[in-house]
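The structure appears right after this line, and notes come after that.
The values are calculated or read from the model by the stated rules, or taken from the named source; none is laboratory data. Here the structure is a predicted model, which is why all the values come from computation and not from measurement. Cβ atoms come from the backbone with ideal geometry, glycine included; neighbour counts cover every protein chain shown.
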């Protein structure tokens, strides 16, 4: 029994030495990255160009069939909170069109802009303030941004407040 106790003790002692030797070894030295300087350039600020507000709808373009997208423009008809809602109603271009830009021009010349951004899906909408005056027409313009980044005007019509 003495012999087995000495052998077991020697094995345990060897295991302790092996584990201790592994724990005291130096790890891989950490490499500190050398700092690099990055030149930042400030893009020139564009000079604002005066825009002429027009209340007359203009021509529109047609998207290619594979990028076709349907939009719906509605006025809520409330005089105390007039809202114009533009909603995406689907189409083959839901996965391709990057965003839908909306501009509403009220009869008093005020312009309000909105964006329907990706991901596009049926029912996604943006709501802008319209005019609440009977007999006055708001103008809604809608542009779709193609995968190449081109903006195509797909809608430009009057939106009637309480049309009967």
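Which one is surrounded by the fewest Cβ atoms within 10 Å (Cβ to Cβ) among residues in segment 126-148 that are modelled with pLDDT of 90 or more and not in a strand (DSSP E or B)? Taking the candidates together, the pick is 148.
What's the number of the only condition in (1) touching a residue at least 12 places away in the same chain (Cβ under 8 Å); (2) touching a helix residue (DSSP H, G or I) at 6+ places or on another chain (Cβ under 9 Å) that residue 105 fails to meet? Evaluating residue 105 over (1) touching a residue at least 12 places away in the same chain (Cβ under 8 Å); (2) touching a helix residue (DSSP H, G or I) at 6+ places or on another chain (Cβ under 9 Å) leaves (2) as the failure.
For (1) out of contact with any strand residue (DSSP E or B) (no Cβ under 8 Å at 6 or more places or on another chain); (2) in a loop (DSSP other than H, G, I, E, B), each residue gets a yes or a no:
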residue: 74; (1), (2): no, no
residue: 81; (1), (2): yes, yes
residue: 85; (1), (2): no, no
residue: 94; (1), (2): no, no
residue: 107; (1), (2): no, yes
residue: 114; (1), (2): no, no
residue: 119; (1), (2): yes, yes
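From 22, 58, 91, 123, which residue is surrounded by 15 or more Cβ atoms within 10 Å (Cβ to Cβ) and either within 27 Å of residue 154 (Cα to Cα) or at pLDDT below 90 (or both)? That would be 91, the only listed residue that is surrounded by 15 or more Cβ atoms within 10 Å (Cβ to Cβ) and either within 27 Å of residue 154 (Cα to Cα) or at pLDDT below 90 (or both).
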